[in-house]
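Trainee: Dropping a structure here in structure tokens format, bear with me for questions.
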Ligand code: PHE
């Protein structure tokens, strides 16, 4: 009997090791360890043996069962991982990183601008995108038949309502609702009924600034704008103040920055001039103070409006403003 067990052991060992897959392994298990296997029958027959034989055979049966059980587990593990590898699973490959979402470049630019102006003492004010002619034009010294009104190509909603063409109406709304001193920035989207190209969008972002108090001077405006530009682009930034015209400021200026895309040598973003216009500014026109009920003899102030998209283009090296609204992930992921 013991010899038969030895034989059975070596047969079973060989079969377990040579099983080619998990299915074959299962039939090996059934054959050598299953309920109808020879080993099980020997176990069942133990009670008919005489005591000495029963003990030695019993021990041998138990040992063999234990050993075959261990071998069975090992073969199973070996065959399962081989199966995974042949199914194309290779656990040694490097992982794939998931894409992590991020803020839009315009949002990041705006947040940077906001933090610089907050540092200079400005607080944030907001206004509606759907405006009326009074706030968007009349109160800003642009009466209905004034030719300057054509300078802002307007989307009209009906006779009264329009999409704001700039953030300047927020100046009016803030001054209507409180008394000086006022020191605010008003960021937001504006709309122009014009054909978009690389440097003009029919919607884009502006950031308005307004400071009203007693004895505000043009030199303060210049100082704040230079301070702002240096915070944004570094101390060595090159700026150009040109005389300009806006109905709501007098005197007015337009401020250009040396094109950061081409370092002033001329490219498509600066239309070959080496300079990019970033903002309009000036001293608040007395007519504007009259429209909101302030005494122009008592208060003076300055205002400025800058193009957030232009600044974002300079900061990211983007040469087409339209890319910011298309939300093509291939573009956004590069920034
Ligand atoms: N609102 C003007 C524009 O959209 C910019 C501006 C704002 C100019 C404030 C002067 C003062 O072009």
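Trainee: Would a scan of the stretch 84-100 turn up a residue that is part of a helix (DSSP H, G or I) and in contact (Cβ under 8 Å) with a residue 24 or more places away in the chain?
Mentor: no
Trainee: Of the residues that make up the stretch 184-196, is at least one more than 16 Å from the ligand (Cβ to nearest atom) and at pLDDT below 95?
Mentor: Looking through the stretch 184-196, at least one residue is more than 16 Å from the ligand (Cβ to nearest atom) and at pLDDT below 95.
Trainee: Return the pair list, or none, for Cβ contacts closer than 8 Å from residues in the stretch 245-258 that are farther than 28 Å from residue 234 by Cβ and assigned by TED's automatic domain parsing to the domain that holds residue 306 to residues that are more than 10 Å from the ligand (Cβ to nearest atom) and part of a strand (DSSP E or B), at least 6 apart or on different chains.
Mentor: Matching pairs, first to second residue: 251/243.
Trainee: Among the residues of the stretch 229-244, is any surrounded by fewer than 19 Cβ atoms within 10 Å (Cβ to Cβ), within 16 Å of the ligand (Cβ to nearest atom) and in contact (Cβ under 8 Å) with a residue 40 or more places away in the chain?
Mentor: Taking every residue of the stretch 229-244 in turn, none turns out to be surrounded by fewer than 19 Cβ atoms within 10 Å (Cβ to Cβ), within 16 Å of the ligand (Cβ to nearest atom) and in contact (Cβ under 8 Å) with a residue 40 or more places away in the chain.
Trainee: If a residue has to be under 25 Å from residue 202 (Cα atoms), away from the ligand (no atom under 15 Å from the Cβ) and not in a strand (DSSP E or B) to count, how many in the stretch 273-319 make the cut?
Mentor: 10
Trainee: Here is a check on your reading of the model: is residue 292 in the same structural domain as residue 186 (by TED's automatic domain parsing) and buried (at least 20 other Cβ atoms within 10 Å of the Cβ)?
Mentor: It is false that residue 292 is in the same structural domain as residue 186 (by TED's automatic domain parsing) and buried (at least 20 other Cβ atoms within 10 Å of the Cβ).
The values are calculated or read from the model by the stated rules, or taken from the named source; none is laboratory data. Keep in mind that what you see is a predicted model, and the values were worked out from it rather than measured. For neighbour counting, all protein chains shown are included, and Cβ atoms are generated from backbone atoms with ideal geometry for every residue, glycine included.
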